[in-house]
Amino acid sequence: MSPSRWFDAATRSGVDFVAGVPCSYLAPFFAACQELPPTAFLRATREDHAVAACAGAWLGGRTPLAVMQNSGLGYCLEALASLHLLYGLPLPMLVSDRGTPSDFEEHRFLGQRTRALLDLFAIPWLDGVRGQEDQAMDWLLTTAARGSRPAVVLVGPEERG
Amino acid sequence: MNRGDAIRLVMAYLSADDIVVAADGAISRETYAALDRPRTFYMLGSMGQVGAIALGLAMTRLERVVALDGDGNFLMGASGALMIGGVRPANLFHVVLDNGTYATTGGQPTVAAGMDLAVVAAGLGYRWARRCLSDPHAPGAVAQWLAAPGPALLALAINEPDEEPAGRIPMTPEAMARRFRAALEEP
């Protein structure tokens, strides 16, 4: 057991490559990633590079997971559109859901449009529920693999970890 | 040396096991025209992600991974090259075909035409980085680059006009990805 329920759920479900940019909601997750082998965890400089590296890892035979704050989704759109969605590459994504009414104002504009943005790009998403991380991660990997596309689990303030 | 010459030169030095990621645009199309092989991934879009895709492969695979990049693409994805310098995968070999322009879109000059990208790569943490400006030295430079400790970057100057444009690759993107992944799954 690691300090992160999301990390434990990810490793249990078969994830063996993580690339991402940290969010404070997922600080325990990123702390747990320090225990991964150096070839299984990429500290990405930007979220678009994280998803592109995940494409490389999947093509190389791994089961990748991209992890980021929802503010990074904007950077990812071109890579998602002309890499994962174009070639049909599975991409499970764990994305923090910033921008709830109690959150800082800098998170609100994109935060309030996260689900609409994912719908617009035909990316299936699921709201994470505390205590049901294993089910959410199974849904995420299955949806991405079966659809050969990105899929997202959103981690809100009550589900952080 | 034009871009097609440079691509054919690099491909001639590769072995059958090498994994190639070819940058979107003219580089992918000319790489396909030069030598189609299942272990080459042809990018069609996602400009700037050549290094990041190659890094994901290099972290995952034991074989040599060759990133066949252009200077405009490299500039857009310089923060991806920075990750390569940070992770330092020994099996990653990056070549930048440097013509100082965005050739695929009509030859518009980049902001960094003339910049020594080997100096940039050395600063980012690549273990080996060289720039080759003269055609007679290019074959030797390619041989040295592939024998160097990785990650290694070779900036190859492209100073002659492009050939007739190569046609689009006659495969669907899904077929390209599935063929590439299947080739890597073979023992």
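The values are calculated or read from the model by the stated rules, or taken from the named source; none is laboratory data. Everything numeric here is computed off the predicted structure, so don't read it as measured data. Please note: Cβ atoms are built from the backbone with ideal geometry, for glycine as well, and neighbour counts cover all protein chains shown. Areas reflect the complete protein model, heavy atoms only, side chains present, ligands, DNA and RNA absent. Shrake-Rupley method; radii C 1.70, N 1.55, O 1.52, S 1.80 Å.
If you check B:Val142 against the conditions, is it out of contact with any His (no Cβ under 9 Å at 6 or more places or on another chain), within 21 Å of B:Asn91 (Cβ to Cβ) and at pLDDT 95 or above? Yes.
When A:Ala9 is tested against (1) out of contact with any Leu (no Cβ under 6 Å at 6 or more places or on another chain); (2) more than 10 Å from chain B (Cβ to nearest Cβ); (3) part of a loop (DSSP other than H, G, I, E, B), exactly one condition is not met: (3).
Just so you know, in region A:74-87 the residues that are open to solvent by 10 Å² or more (accessible area, probe 1.4 Å) and within 17 Å of the chain's Cα centre (by Cα) include one that is farthest from the other protein chains (Cβ to nearest Cβ), and it is A:Gly74. Annotation: of all residues in region A:51-73 being more than 8 Å from chain B (Cβ to nearest Cβ) and hydrophobic (A, V, I, L, M, F, W, C), the one that is surrounded by the fewest Cβ atoms within 10 Å (Cβ to Cβ) is A:Leu73. Here region B:102-133 is the region considered, the condition is being polar (S, T, N, Q) and modelled with pLDDT under 95, and the residue that is farthest from the chain's Cα centre (by Cα) is B:Thr105.
Is there a residue being at the interface with chain B (Cβ under 7 Å from one of its Cβ atoms), outside any helix (DSSP H, G or I) and more than 21 Å from A:Ala145 (Cα to Cα) anywhere in region A:23-41? Yes, the conditions are met somewhere in region A:23-41. Considering the conditions (1) away from chain A (no Cβ under 13 Å); (2) under 19 Å from B:Trp128 (Cα atoms), B:Met83 is excluded by exactly one of them, (1).
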